[in-house]
Amino acid sequence: MHHRHTLAAVAAGILLTAGIGATIPAGAAGTSTPSASTPATALVVNTRWGGHATFDRLVIDVRGAMPPVTVHQTRSLHYDGSGKRVPLSGKYFLEIKLSPAAAHDDAGRSVYQGPRLLKIHLPALKGVALTGDFEGVVGIGAAFDTKPAYKTFRLHSPERFVVDIAHPTVGCRT
């Protein structure tokens, strides 16, 4: 009886080992670091913007898979970590948070090429700032003179998070 249990355990171990070996993708054996083209943590590498006929667009470029993103309207922007107020002029602000994400590589070097703090002169968008790269959260802030009416979406290949902000409606112009 004891011999049958031992044989069953050995057979199960062989099948388990064979099953594990079969799940390793071809070409992956011996690689211990993720490919540089697909980092394990999403890297926020740039923020850019453009003016269009009826809206302004803010684009956040990401290397790797797009992480969850939250967008909140707020009365003011603050730097993550220090809590100091971000010196962007405006009456309304959007706080955009990507997490889990980083704007630096594993060695601590910045990979972010976008503006750290910049005044912008578009009909809706008046400024943009990197508000944080702290504890797995990257923050981007945007400033406006009028309450922003916006929509967000994702674009792929390459990965980007987009915020379209409608131009403010103004009375008749003469």
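The values are calculated or read from the model by the stated rules, or taken from the named source; none is laboratory data. Here the structure is a predicted model, which is why all the values come from computation and not from measurement. Cβ: placed from backbone, ideal geometry, glycine included. Neighbour counts: every protein chain shown.
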- Please report, ordered by residue number, the strands (runs of 3 or more DSSP E) entirely within the range 55-174 with at least 2 residues that are among the β-branched types (Val, Ile, Thr) and surrounded by fewer than 21 Cβ atoms within 10 Å (Cβ to Cβ). 69-74
- Query: Do any residues in the range 152-165 that are modelled with pLDDT under 95 have Cβ atoms under 6 Å from those of residues that are surrounded by fewer than 18 Cβ atoms within 10 Å (Cβ to Cβ), where the two are at least six apart or on different chains, and which pairs are they?
  - Reply: none
